[in-house]
Amino acid sequence: MTEHQPSPHAPDAPAAAPGCPVRTDAVRLAGVSYQQTPSQLYRALRREHGPVAPVLLDGDVPAWLVLGYSEVSHVTAHDELFARDSRRWNQWGAIPQDWPLMPFVGYQPSVLFTEGDEHRRRAGVITEALEGIDQFELGRDCQYIAEQLIAEFAGSGQAELMAEYAHALPMRAAVQVCGMPDARADTRQLVEDLRISLDAGEGDDPVAAYGRVGERLRQLVKDKRSAPGPDVTSRMLLHPAGLTDEEIVQDLISVIAAAQQPTGNWIGNTLRLLLTDERFAVNVSGGRLSVGEALNEVLWLDTPTQNFIGRWAVRDTQLGGRHIRAGDCLVLGLAAANTDPQIWPESHVGAENAAHLSFSNGEHRCPYPAPLLADVMARTAVETLLERLPDLVLAVEPEELAWRPSIWMRGLTALPVEFSPVVR
């Protein structure tokens, strides 16, 4: 990294790591069975440990996985007990600089790691910048992007929707509202670098990928500083709070990352549900349940962000019958909380309400109106695809679909489909 390209980093820390000792009953958050059927692991962890379970992250680094709906809600509602500044972590002495999860936990001058008045200031800038987006205009833009993407494969009668559609649409929409020129190669590289930095696979370098994302956005901020326009980046630069360029870069990374990977997986998971669940009928366009119901059900049952790291205990406290030590790391089990049998006692998870924790909770939840904007992107993507390709079907058996090897993001590796070719 050059001196102009700061990366997530571990703070100076003592060699010892006294808190959250490795427990003999801790479970590694890894393995094929977990990646493909995490709900089974969540059930097993609840049976054995209750709503808060000891787990091991990459490199056998200890943490707590918060599984209960009430417990996740409590953690996210009490910043005075469970805060976001990762420099509190009592394990820093055991964490190498190239740790795969460093982009998640290495302290950065980002809204994600701020607290109190500073967080409210930074989040307020993002909220006001996003409020400047006209949702009807965003819907029209997303429909135009969707039709462009569909036109690229409509004549072939087949497509792989995750790469060619689900991830491409929200990224193009996100860079557009941020004022970045829509250069296809540039956008594709951003998609790949965000994937790597958020959810690295074998052989990937997440820290380097995060650095490339930062460099691209530094150039954007520089360009908008010279020539502002009607976009999110310019509104952040012109906001009276007076954020520095680097603060804006870091917060733009958060905005674009949240808009792209989770929304892309939300689109993909919803299309999977529509194409595999008989409640929606064989012909999706004639299904009895609506696209809106499918989108909401996915947030309950296959939420794009399964787990979020994290919160750090400000002082010794109790949670779910566990003694949490000051500096312990807590992973928010959003997917587990959404399917907590305490809120669905008869094992029936309904999609009738929006009380899920998919956008988190409390001051650090996804800032308004971001969930509404994500819904516009996802709903437009799904509805436009089904309208343009009404006989869309899976090209493989449902059981052949594979989930990404991730404990963080819930999304398919590929979604191959077939349909009647459309002649332009």
- the range 195-238, subset within 24 Å of residue 306 (Cα to Cα) and among the hydroxyl-bearing types (Ser, Thr, Tyr), residue farthest from the chain's Cα centre (by Cα): 210
- Message: For the range 196-253, give me each residue that is assigned to a loop (DSSP other than H, G, I, E, B), at negative phi and open to solvent by less than 70 Å² (accessible area, probe 1.4 Å).
- Response: 199, 200, 201, 204, 227, 229, 231, 239, 241, 243
- Message: For the condition aromatic (Phe, Trp, Tyr) and either in contact with a Pro (Cβ under 8 Å, 6 or more places away or on another chain) or farther than 30 Å from residue 205 by Cα (or both), what is the one hit in 136, 113?
- Response: 136
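Yes/no matrix, rows are residues, columns are (1) within 24 Å of residue 68 (Cα to Cα); (2) at pLDDT below 95; (3) not in a helix (DSSP H, G or I):
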{"position": "262", "(1), (2), (3)": "yes, yes, no"}
{"position": "266", "(1), (2), (3)": "yes, no, no"}
{"position": "279", "(1), (2), (3)": "no, yes, no"}
{"position": "282", "(1), (2), (3)": "no, yes, yes"}
{"position": "285", "(1), (2), (3)": "no, yes, no"}
{"position": "296", "(1), (2), (3)": "yes, yes, no"}
{"position": "351", "(1), (2), (3)": "yes, yes, yes"}
- Of all helices (runs of 4 or more DSSP H) fully inside the range 53-139, the set with 3 or more residues that are open to solvent by less than 40 Å² (accessible area, probe 1.4 Å) and farther than 19 Å from residue 244 by Cβ is 69-77, 102-105
- Across the range 105-162, what is the total count of residues that are among the hydroxyl-bearing types (Ser, Thr, Tyr) and in contact (Cβ under 8 Å) with a residue 60 or more places away in the chain? 4
- Task: Only residues that are at negative phi, without any contact (Cβ under 8 Å) to a residue 60 or more places away in the chain and among the small types (Gly, Ala, Ser): list them for the range 292-351, please.
- Result: 350, 351
- Message: Filter the range 403-424 down to the residues that are over 22 Å from residue 358 (Cα atoms) and either surrounded by 14 or more Cβ atoms within 10 Å (Cβ to Cβ) or not hydrophobic (A, V, I, L, M, F, W, C) (or both) and list them by number.
- Response: 414, 415, 416, 417, 418, 419, 420, 421, 422, 424
- Item | Residues that are of a type in the set (S, T, N, Q) and modelled with pLDDT of 85 or more, drawn from the range 196-229 | 219, 226
- Restricting attention to the range 414-424, report how many residues are part of a loop (DSSP other than H, G, I, E, B) and at pLDDT 95 or above. 5
- Criterion violated by residue 381 - all others in (1) of a type outside the set (Phe, Trp, Tyr); (2) open to solvent by 10 Å² or more (accessible area, probe 1.4 Å); (3) at pLDDT 95 or above; (4) touching a helix residue (DSSP H, G or I) at 6+ places or on another chain (Cβ under 6 Å) satisfied: (2)
- Query: Quick one: residue 256 ticks every box in (1) open to solvent by 10 Å² or more (accessible area, probe 1.4 Å); (2) of a type outside the set (Asp, Glu); (3) closer than 30 Å to residue 159 by Cα bar one, so which box is it?
  - Reply: (1)
- Report whether or not residue 176 is of a type in the set (S, T, N, Q), without any contact (Cβ under 8 Å) to a residue 60 or more places away in the chain and open to solvent by less than 70 Å² (accessible area, probe 1.4 Å). no
- Note on the structure: Out of (1) surrounded by fewer than 15 Cβ atoms within 10 Å (Cβ to Cβ); (2) within 19 Å of residue 295 (Cβ to Cβ); (3) out of contact with any helix residue (DSSP H, G or I) (no Cβ under 9 Å at 6 or more places or on another chain), the one residue 387 does not meet is (3)
- Message: For the structure I just gave you, tell me whether residue 257 is within 22 Å of residue 113 (Cβ to Cβ), assigned to a helix (DSSP H, G or I), in contact (Cβ under 8 Å) with a residue 24 or more places away in the chain and not polar (S, T, N, Q).
- Response: yes
- Message: Out of the residues in the range 360-378 meeting the condition of being outside any helix (DSSP H, G or I) and open to solvent by 60 Å² or more (accessible area, probe 1.4 Å), tell me which one is modelled with the lowest pLDDT.
- Response: 368
- Task: Collect the residues in the range 123-178 that are at pLDDT below 95 and among the basic types (Lys, Arg), keeping them in residue-number order.
- Result: 172
- Just one of (1) free of Cβ contacts under 8 Å to residues at least 40 places away in the same chain; (2) more than 19 Å from residue 274 (Cα to Cα); (3) of a type outside the set (A, V, I, L, M, F, W, C) trips up residue 399, so point out which. (2)
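The values are calculated or read from the model by the stated rules, or taken from the named source; none is laboratory data. As the structure is a computational prediction, the values presented were derived from the model and not from experiment. Note that we place each Cβ from the backbone using ideal geometry, even for glycine, and neighbour counts take in every protein chain shown. Ligands, DNA and RNA are stripped out before the accessible areas are found, and what is left, the full protein with its side chains, is counted by its heavy atoms. Shrake-Rupley method; radii C 1.70, N 1.55, O 1.52, S 1.80 Å.
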